[in-house]
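Report on the structure given below.
The values are calculated or read from the model by the stated rules, or taken from the named source; none is laboratory data. Note that this is a predicted model, so its numbers are computed, not measured. Note that we place each Cβ from the backbone using ideal geometry, even for glycine, and neighbour counts take in every protein chain shown. Only protein heavy atoms, including side chains, enter the accessible area calculation; ligands, DNA and RNA are left aside. Shrake-Rupley method; radii C 1.70, N 1.55, O 1.52, S 1.80 Å.
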Amino acid sequence: MASELRDLLDKKLLKECVHCGLCLDFCPTYRVLGHEADSPRGRIYQIRQVYEGKLSTDNADFREHIYACLDCRACQTACPSGVQYGAIIEAARAVAEPISPSEKTVGRAILGSVFTRPKLLDAAGVGLRLYQRSGAQLALRRSGLLKLLPQRLREMESMLAPAQGGIRRWSAPQVTPARGKVRYRVGFIEGCIMPQLFGDTNAATVRVLAANGCVVYSPPRQGCCGALQMHTGDRPTAQELARRNIDAFSGLGLDAIIINAAGCGSTLKEYGVLLRDDPTYAERAEQFAHQVKDVSEFLASIDLVKPTRSVPMTVTYQDACHLVHGQGIRNQPRQLLRQIPGLKLVEMKDSDVCCGSAGIYNLTHPDISVQLLEQKMDSVLATGASAVVAPNPGCTMQLAYGARRRGTTLQFFHVVDLLDRAYDG
Ligand code: SF4
Ligand code: SF4
């Protein structure tokens with residue numbers, strides 16, 4: 001509805017687009033689909049039509065083009081007029097229902113129920129790890145029985161990354177002391193997917209922070225950041241999750257709140273906008289958002305303890321969209337990798353183009369997602385690197401899926417995994 005959109009979005013944001021088209025070549029969906037309506041300029045035009053009451057949010061074409069966007073924000077980086085595309089598309093999604101049934105089911109039902117209840121999410125994580133560790137996954141894949149599942153479920157199963165850690169997920173201690181002299185007090189947001197699938201990376205993050213003189217606080221009442229709910233237009237659930245995290249980290253006297261997942265960091269930094277109309281939380285949300293730092297952003301900003309152990313490996317780096325375009329963090333992860341003795345970083349072509357993961361986009365738009373993934377795998381393999389470093393769990397899972405499709409033995413790491421090795425973690 002136009003009035004709902006007007007409540008969420010200042011028209012001045014829409015007017016900032018001068019229709020120059022300089023963003024078009026940077027837009028992955030425009031490159032793949034070739035339609036103006038699937039370009040940033042075309043989407044902004046349609047959203048403006050809705051804003052002015054000339055187009056209904058029920059219009060099927062409108063909903064399709066809005067949800068075919070990856071929300072990768074490459075257009076935001078490319079735009080010389082500074083158009084805040086992320087704020088525009090997320091407001092549009094908050095007023096327009098997705099067309100795809102899987103987007104509605106996964107987005108509104110699973111993300112709105114399981115991801116808001118940490119105990120339920122933990123139980124699902126235990127089930128997943130049992131499925132993978134007991135040999136059931138291997139047996140089912142070999143038996144061909146998975147072919148009996150509906151196509152979407154088969155696709156979801158094939159994308160599952162092997163979960164790190166034990167059957168019970170790794171949880172950060174409530175307080176981890178600094179190694180040596182205390183330099184900073186930081187909060188650590190564990191995330192929702194990270195502790196279930198990438199517990200070793202979370203543990204490495206805490207160790208690397210502690211090695212750099214940080215006392216690390218990880219309060220138990222924290223939860224999912226709300227990023228996936230925002231991408232699927234479920235703003236009320238994202239707001240509820242934001243309030244929970246703000247409460248969990250309040251009163252700790254922190255210098256920074258650290259996150260190691262790019263998509264989550266981007267949303268956490270937007271809490272001020274998400275809760276700007278909440279009289280109780282608006283100011284606290286703004287303060288919280290200012291404290292949030294991606295782990296690479298934080299480590300690159302301090303006097304880093306020198307990593308001394310050699311990690312002899314050639315790696316390439318994938319820029320997560322929500323780190324490079326959403327938060328403007330491009331050099332910091334590379335700067336950290338270059339400080340690791342023995343490690344060689346080789347750049348891939350188009351490292352800042354979306355890999356097709358984009359939250360749950362690989363489930364809701366598998367055709368476009370796979371085309372983007374195949375282009376990405378060409379770029380990765382052309383580097384000759386034996387490992388890919390990616391700062392977001394969605395990218396890591398997508399690229400690992402791409403590697404399995406190509407039958408390669410590529411390894412996958414987060415920057416902190418490699419720093420941790422170089423600190424003898
Ligand atoms: S979003 Fe920016 S780059 Fe794209 S058409 Fe509008 S003004 Fe031009
Ligand atoms: S966010 Fe990404 S997919 Fe969406 S319009 Fe911008 S560049 Fe295109």
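Here are the numbers for this structure:
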{"read-out": "The one condition in (1) more than 10 Å from ligand 1 (Cβ to nearest atom); (2) within 22 Å of Leu274 (Cβ to Cβ); (3) out of contact with any Gly (no Cβ under 9 Å at 6 or more places or on another chain) that Cys72 fails to fulfil", "value": "(3)"}
{"read-out": "Residue under evaluation Cys69, criteria (1) surrounded by 18 or more Cβ atoms within 10 Å (Cβ to Cβ); (2) within 11 Å of ligand 2 (Cβ to nearest atom); (3) in a helix (DSSP H, G or I), criterion not met", "value": "(3)"}
{"read-out": "Test: residue in the range 373-393 that is surrounded by fewer than 18 Cβ atoms within 10 Å (Cβ to Cβ) and in a loop (DSSP other than H, G, I, E, B)", "value": "yes"}
{"read-out": "Residue tally, condition touching a residue at least 24 places away in the same chain (Cβ under 8 Å), under 27 Å from Arg235 (Cα atoms) and not in a helix (DSSP H, G or I), over the range 1-22", "value": "4"}
{"read-out": "Qualifying position, being more than 16 Å from ligand 1 (Cβ to nearest atom), under 16 Å from Lys11 (Cα atoms) and modelled with pLDDT under 95, among Glu64, Glu97, Glu52", "value": "Glu52"}
{"read-out": "Checklist (1) touching a residue at least 60 places away in the same chain (Cβ under 8 Å); (2) assigned to a loop (DSSP other than H, G, I, E, B); (3) within 16 Å of ligand 2 (Cβ to nearest atom); (4) open to solvent by less than 20 Å² (accessible area, probe 1.4 Å) applied to Ser357, failing item", "value": "(1)"}
{"read-out": "Single residue of Arg63, Arg43, Arg48, Arg129 found to be open to solvent by less than 10 Å² (accessible area, probe 1.4 Å) and either within 16 Å of ligand 2 (Cβ to nearest atom) or aliphatic (A, V, I, L, M) (or both)", "value": "Arg43"}
{"read-out": "Flag if Cys20 is over 26 Å from the mean Cα position of the chain (by Cα), modelled with pLDDT of 95 or more and either farther than 22 Å from Leu363 by Cβ or not assigned by TED's automatic domain parsing to the domain that holds Leu373 (or both)", "value": "yes"}
